[in-house]
Amino acid sequence: MNYGMVTEAEKQNITLKVLESGGYPNIDKQRAQLIACRDWGADAIILGTVSPTAFSDDLNRYTQDTPVFATVNHLIVDKEQRQHVKGVVGVDWYWMGHRVGKYLAEQHPNGSGVVDVAFLPGLNQVVGQSQSFLAF
């Protein structure tokens with residue numbers, strides 16, 4: 001996903017800074033990154049949150065008036081914070097896993113031989129990945 005955003009930003013002559021928090025347990029690092037984006041003067045923040053509820057009642061504390069676009073992971077915010085989220089592009093983890101499983105089943109129908117598949121869904125405590133695994 002980052003590759004696509006970076007490539008398109010280059011085509012559009014847009015400055016895009018990509019920050020990586022290091023994974024789901026790093027809420028404090030992501031908070032600091034939001035402040036850095038705000039202080040840098042970003043026109044907008046594209047947020048792939050490390051936790052659906054990490055910013056549920058205090059998103060504007062970190063972003064102030066910078067518009068936020070939530071992407072990939074679900075972002076749950078209260079009514080007051082909703083005004084700061086200008087758009088959402090989500091992933092339905094269940095259907096993503098289902099479609100991958102369906103594709104592989106079609107490519108390798110019963111009787112076509114053994115196929116080894118490595119499925120790396122991520123951390124157990126992350127709901128999206130577990131839904132993807134169940135649907136697979």
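Some points to look at:
- Counting the residues of the stretch 58-85 that are in a loop (DSSP other than H, G, I, E, B) and within 23 Å of Gly23 (Cβ to Cβ) gives 6.
- Residues in the stretch 7-29 include at least one that is among the polar types (S, T, N, Q), closer than 27 Å to Ser132 by Cα and surrounded by 11 or more Cβ atoms within 10 Å (Cβ to Cβ).
- Taking the stretch 91-136 as the range and being under 24 Å from Thr49 (Cβ atoms), of a type in the set (A, V, I, L, M), modelled with pLDDT of 75 or more and outside any helix (DSSP H, G or I) as the test, only Leu120 passes.
- One residue stands out in the stretch 52-75 among those that are crowded, with 18+ Cβ neighbours inside 10 Å and not β-branched (Val, Ile, Thr): the one that is modelled with the lowest pLDDT, namely Asn73.
- Contacts under 8 angstrom Cβ, first residue in the stretch 48-63 being at negative phi, partner among the hydroxyl-bearing types (Ser, Thr, Tyr), 6 or more apart: Gly48/Thr71; Val50/Ser21; Val50/Tyr24; Ser51/Tyr24; Phe55/Thr49; Phe55/Tyr62
- If the condition is being over 21 Å from Tyr62 (Cβ atoms), part of a loop (DSSP other than H, G, I, E, B) and under 17 Å from the mean Cα position of the chain (by Cα), then the stretch 1-42 contributes only Met1.
The values are calculated or read from the model by the stated rules, or taken from the named source; none is laboratory data. Given the structure is predicted, the values throughout are model-derived calculations rather than measurements. Neighbour counts are summed over all protein chains in view; Cβ atoms, including those assigned to glycine, are modelled from backbone coordinates with ideal geometry.
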